[in-house]
Structures are given as structure tokens and as C-alpha cells.
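Worksheet for the structure shown next.
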């Protein structure tokens, strides 16, 4: 009975939250960009001030990762992101072409429902709130149950900072009575305009069945290909720093290494010198038993744990300076945990005879899991880099950079983001590093620059007209005369006016 009551309370709360957000957003939609920017600045400064405290709180509540790296991500989501979006024009007239007499007007989508992950609860919540308000939208969160206290703390700080600067009450909200039914009610509400999910794969299906536009940053399974021309020392250092950042829970971080056979031994040696431990077949089997539950779900007990902790849990003896555990593999399959996303510092290692076979292996891995997400390539051969960029089923290709930091835009000039769209292949509608521009509709304005007589004159003079890829002169058209075509154009114009 208690569970049923909790579900009903959560659903009722969800309805109230969306209704309040709808009313608040109607007021927010009238705010000029300058006013929105003032609110965003105050929230960013507040988030930056509490970045370390929230990182420690997040680690203590979830047990995932390292608070020091979470602190870095919190600064990235507040200070670094704010500086990137500070001068961005998102609402109102955002582009104007005076020569061609057109304008683009940014219009907020309305009410956004956001689901942040337990792996990056603080940084993702800060990021989503800033880009939502920057673009004039209201946003409601359904906190992840494993990080509900931390997410509530973040949002309370942001709400207070925003409302002190004039944000309408209800424009930022969150579900306090947590239940799946309440989250589904948020997504299905008629006034919800867009759903923004990061990492909560179980809710992605519910979002897709809601009929609402969904931006989904799904699971990553990005391979890192080391091609023979690469700077092997730098490539290995990048992979190690990326795979150990927050103990491997960033979705863009490398999950596998694919090396060309001619450099494989050199890569192995460099990995060992940088803190990698290559497991035996038996040790790989021991560790693999801890990855998933009997029902196929990921085992939360290994998420964000260090290599030393993972080895201890599975009874493997490793040197005390071990940073990453590596399992040599030959084949990719859905049942092989080393072929899937691993939210901890564990890597699969594949060897292929040349870059073409490596290309196929990378595609296999991405199709197995992580389709639409991220691929890393280390190479100096621009032709090979281009082939990978052209043919991989991913939304971002990172070149000669750590995956976890390059994917979010820290070590690359990609837009700084903590929701990395996976496009249609991954179950969403954008492949972007999600920005405030993804949270608006663009209204097109076009001034008249030609008259009806200008259009018909082309036909009457017999100039060439292109229709459906076929070229024909006006007097060869299927219509009997230019008079008939003029009448048809006038009727079409009249219909457009009526519509």
C-alpha cells in the first residue's frame, strides 16, 4: 500500500510541477537575452563557488569515481561552460541577413524534462540548468535515486540564485517524491515539450514512447584505434589519463584499444610502463563475472571503482601502482562484457593486421553497443583519419586526444557539453554536443524580394526550367501553353495565402 501511495503522490507532484513550469515559462519567454544572461551568470557563479563541496557530497552519496575529478567536471560545467555561452545569442533575433532580407528568431521550446545520471549528477545538472535558462526554457528534473540528495542540493542552490535575480518561480523544479510513475508522468504530460536524458538508459524507451522530442546521451562504447603512424607514447598516455579520469565513468572515454599488429608489442610495453596490467585469460574470466547481474543489468558495485579495488574484489593480484586492467580479446559479441561499455578503468585490447581490419573491428564494437556515440583515433595519417571519420557510425570522432576530455569539449574545440547526443542511431534526434541552440525552435522571417510578374516572366521568355532533375524549355512542358502555367502559378500562390 505504501508503494502505491508513493506512486500516486509522485504522479500528482509531476503534474503540479509541469503546470507551474508552463506558467513560469510563459513569463520567461518574454525575457530579453540580456535578462536571461544575468540569471545564468548568477547561477554559474553559485555553482562554481560550491563546486568542491558538491563533488565531495556526490562521491559520498554514490560511491562512484573520484571527488577530485568530479570537482574538475563541476568547474567545467559552471565556469568553463558559462564563458562559452556568455555571449551566445539564443533567443530573439539571432541572425539577420540584410542583403537577402531574412531573419532567424530563436524561440524557446517550452518545458523541458531532464534526467541526470548518478555517475555525473552535479556537473550534468548544472549544465542542463544553465543551457535551459539561457534559451528561455523551464526545466524540471527527475533526480536519479542513487544521487537524489546531491541533485536536490545542487538544484536548491541554483533555484535560489536564479529567483534572486528574477527567475519566475517554478521555472526550475524537481521531483521530490521519486517513483518511475512520476518520471513517466513528467515525460507524458501534454505541456512537456522536450526530454533531455543523459545516461539513464532504462528511461529512454519510456521517453521514446511519449511522442515527445528526445535528446538522448546514451551509453558509450568507444574504441581507441592506434594506427602505425601514431605517436605511441602520447597515444597511450592520453588513453590512460582518459580511462582513469573519475575512474572511467565518462561515457566518451575509451572502452577498447585496437592496435595494428606491426606496433602491438610497442603499444603493450608502453601501456605496462604507464600503469596498465594485462590480465591472463583466467583473470579476465574472474573479473568478467562481476560486470553484470544475472538479469543482464550492469553491476553498480563496480561502477567508478579503481583498478586496485576491482582487482581486490575479483581476487586478482596486481602491482600497487596499477591504474588500468586490460583484457586481450579477439572477438566481439553481445555476451562478451569486454565488448561493451565498462564504467570503470578496464579496457579490452584487440590486434588487427592493418587499418582496414581495425576499421571493421571498430564498427563491430560500435554496433554491439555505443552506436552513435564516440570514436577515438591516434594517427598522423590524414587519409586514414578521414576514412575513419567518413565511415564510422558515431556522432563524434576524436583525433589524438583523450576520449573523456575530448568528447565533452575540454581538450578539443567541440562545444562544452555533458550530454553528448547520439543521433537517430542512438535513439535521439540530434548528434550534437548539446548546446542552448538545441533547445530552441528557429522562426524564419523572409521579406518579399520578387513579384509574381518576376516569376512568370521567366516562363514567358522561354528560359530553361529545371523540374525533377530534367531540363526542358518552357514551350516543351507538359502544359499546353505558358498561359496555363501562369494560371497554375497564380492558383498555387492563392492556396499558399489561404493556408
Task: residue 399-residue 209 pseudo-label distance in nm [points 7 Å out on the Cα-to-Cβ vector] - done: 4.3 nm
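How fast does the range 223-412 diffuse by Stokes-Einstein, in µm²/s, taking the Kirkwood radius from C-alpha pairs at 25 °C and 0.890 mPa s? Could the numbers behind the result be given before it?
Working: Rh = 16.3 Å.
Roughly 151 µm²/s, to the nearest whole number.
Contact order normalised by length for the range 359-463, with contacts defined as Cα pairs under 8 Å and 6 or more residues apart; what percent is it?
20 percent
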TODO: May I ask for the equivalent-ellipsoid semi-axes of the range 64-113, computed as the square root of five times each C-alpha gyration tensor eigenvalue and listed largest first in whole Å?
DONE: 36, 14, 7
TODO: Report the full-extension gain for the segment residue 452 to residue 101: residue separation times 0.36 nm, less the Cα-Cα distance, to one decimal in nm.
DONE: 124.6 nm
Task: Förster radius 25 Å - calculated FRET efficiency between residue 160 and residue 180, Cβ distance, rounded to 0.05 - done: 0.30
Open item on the list: What distance in nm separates the two pseudo spin-label positions at residue 56 and residue 380, each 7 Å out from Cα along the beta-carbon direction?
Closed with: 4.6 nm
Task: the chain: angle of helix 232-244 to the longest principal axis, Cα-based, in degrees nearest 10 - done: 90 degrees
Task: Difference of contour (0.36 nm per residue) and Cα-Cα distance, residue 86 to residue 320 - done: 79.8 nm
Open item on the list: Report the Cα centroid-to-centroid distance between the range 112-169 and the range 366-407 in angstrom, as an integer.
Closed with: 31 Å
Task: Sites residue 312 and residue 49, calculated FRET efficiency, Cβ-Cβ separation with R0 41 Å, nearest 0.05 - done: 0.65
TODO: Measure nothing but the geometry: give the 0 to 90° angle between the long axis through the Cα atoms of 2-28 and the longest principal axis through the Cα atoms of the chain, rounded to 10°.
DONE: 50 degrees
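Arrange the following residues from fewest to most other Cβ atoms within 10 Å of their Cβ: 96, 364, 260. Walk me through the intermediate numbers first.
Values: 96 13, 364 16, 260 21.
Fewest-to-most ranking of 96, 364, 260: 96, 364, 260.
May I ask you to derive the relative contact order of the chain, considering only C-alpha pairs under 8 Å and at least 6 residues apart, and to give it as an integer percent? Walk me through the numbers on the way to the answer.
On the way: 1025 pairs, mean separation 85.5, N = 499.
Computed over the chain, the figure is 17 percent.
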- [ ] Sort 422, 344, 262, 359 so that the residue with the fewest other Cβ atoms within 10 Å of its own Cβ comes first and the one with the most comes last.
- [x] 262, 359, 344, 422
TODO: Give me the percent of Cα-Cα pairs in the range 195-275 that sit more than 16 Å apart, rounded to a whole number.
DONE: 60 percent
Task: Reduced Cα scattering model of the chain, Debye log10 I(q)/I(0), q = 0.10 Å⁻¹ - done: -0.82
TODO: Using a Förster distance of 41 angstrom, determine the FRET efficiency expected from the C-beta separation of residue 12 and residue 335, and round it to 0.05.
DONE: 0.45
Task: Using alpha-carbon coordinates, inclination of helix 382-391 to the longest axis of the chain, degrees - done: 70 degrees
Task: Cα coordinate range in the range 197-236, projected on the principal axes (Å, largest first) - done: 48, 15, 11
Task: Ascending count of other beta-carbon atoms within 10 Å, so fewest first, for 355, 67 - done: 67, 355
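No value in this document is a laboratory result; all are computed from the given coordinates. Computed from a prediction, not measured in an experiment: that's the story for all the values here. Don't worry about glycine lacking a Cβ; one is built from the backbone with ideal geometry, like all the others, and counts go over all protein chains shown.
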